[in-house]
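Please treat every number below as a calculation from the coordinates, not as lab data. Quick caveat: nothing in here was measured; it's all calculated off a predicted structure. Please note: Cβ atoms are built from the backbone with ideal geometry, for glycine as well, and neighbour counts cover all protein chains shown.
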Amino acid sequence: MQNILNAFLLVYAALFPIVNPIGSAPLFLRMTRGRSSAERSVLARSVARNSFFLLLGSLFIGSHVLEFFGITLPVVRIAGGLVVATFGWRLLHAPEEPEADRAKVGDTGPAVDAFYPLTMPLTVGPGSISVAVTLGSQRPTPSADLTQLAVLGGAAVAGLAAIAVTVFVSYRFADRIILFLGARGTDVLMRLSAFILFCIGIQIIWNGASVLIAPTV
């Protein structure tokens, strides 16, 4: 039982600060501005589902895919960090919409796909993918007891499911968070979240580059 709990907590605790669904909620609301509450609920559910399967694939087959193509984790971090940094930069400098534009009746907002950019890179970026791949590469070998493998694998999947539930709840009720903050507080939080996202992208790039250049230093 202790091993099961440890596996669950390891997956959840390792991914939660990187996925950061609470911090990404204002960005989700900004990108779905003009959508109805029901539409945002559908998008939140789709993002949570996409995030679960993306992390699940990264956990169980990610290391094998990278090995097949001869791609190392540092390279994934550098390429993915560029995507995250670019995405954060665009959000940071996005113009603020006037109040009149926000209140237009019948305005459904810009077309936003549930997978890109809401799932990737906003929710599940290269940082969380690389963590999931790393966790998957450290699981017990196939020569271990099959029952133990199944139990620990189930605990890891439960950890991913808990992450997905957290994403759904944070995005589904993002409007209430924003309502609590007010218009000015919302704009400040969104700009701050975008800046943090940009910094995360730079940090991911640095982490990958540091590993690549370390042997030559």
### Message
Just to verify a number: FRET efficiency for I71 and F195, C-beta to C-beta distance, R0 = 30 Å, to 0.05?
### Response
0.55
### Message
Could you compute how fast segment 12-63 diffuses translationally, taking Rh as the Kirkwood radius over C-alpha pairs and applying Stokes-Einstein at 10 °C with viscosity 1.306 mPa s? Give it in µm² per second.
### Response
128 µm²/s
#### Entry: Added length on full extension, which subtracts the Cα-Cα distance from 0.36 nm per residue, L181 to S210
6.6 nm
#### Entry: Length gained when the stretch A114-W89 is fully extended (0.36 nm per residue, less Cα-Cα span)
7.0 nm
### Message
So the label point goes 7 Å from the Cα of V165 along Cα→C-beta, right? Which residues of segment 39-64 then have their backbone N under 20 Å from it?
### Response
41-57
